[in-house]
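Just so it is clear, none of the values below were taken in a lab; they were calculated from the coordinates. Model, not experiment: these values are computed from the prediction. Don't worry about glycine lacking a Cβ; one is built from the backbone with ideal geometry, like all the others, and counts go over all protein chains shown.
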Amino acid sequence: MTHIPAPPPPPLVNRRADNGEIVQQDGLVGPGELHIINDNTRDYAVVVTNGDPKAPQATIYVHGRSEATLSGIAGTYFVYLKSGIDWDQATLGFTRDRTFQKFNDPFDEESNWEIQLKPSPTGNARTSDVPPF
C-alpha cells in the first residue's frame, strides 16, 4: 500500500485595500470630516456610523503607519475600529488576528475631528472593546 501525503495547506494571504480607500459607503452627505492617523503597524478599517456599526455611513481603510481622511460625514456619529490581517472585501472584514473597538464618545459633523489610533498618555478619547461586527 502506497502512502500518499496530504497536500500542503494553502499559503496564507495578506490582502489589503488601498490606503484611504473607502471600502463601503452609504450616505456620505454631510459637512463632517475625520482625519485618521494610524501610528500602529496594523491596518485598520475605520467605521463611521450614526448607530449600528453593521450599517455605517462609510468605512475607510487605513494602512499601518499611514494617514487618511474621510469627508462628507453627516450628523452625530460614532467611530468603530476593526483591525487584523488579510482584508476580505466581500465580507468587509479581516480574516485573522482580529480586534474590534469603539471610541466611547460620539463625534459631530460641526467639527473636523482628528483621531490617532495609538494609545497616548496625553490623549483625550477612550476606546472600548466591542463584539465583532
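Quick look at the values:
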| item | result |
| --- | --- |
| Loop-located trypsin sites (Lys or Arg not before Pro) in region 47-104, at most 13 other Cβ atoms within 10 Å (DSSP) | K54, R65 |
| Separation in nanometres of the label points that stand 7 Å from Cα toward Cβ, at A125 and H35 | 1.2 nm |
| Relative contact order %, the chain, counting alpha carbon pairs below 8 Å whose residues are six or more apart | 27 percent |
| Cut-off under 5 Å, modelled amide H: who pairs with G64 long-range | D43, Y44 |
| Within the chain, percent of DSSP bridges classed antiparallel, to nearest 5 | 85 percent |
| Sorted by Cβ density within 10 Å, fewest first, the residues T59, T95 | T95, T59 |
| Other-chain or far-sequence residues with amide H under 5 Å of G93's (modelled H) | D88 |
| Under 5 Å, built H, 5+ apart or other chain: amide partners of Q24 | T59 |
| Shape of region 76-124, Cα gyration tensor, a/c cut at 1.5 | oblate |
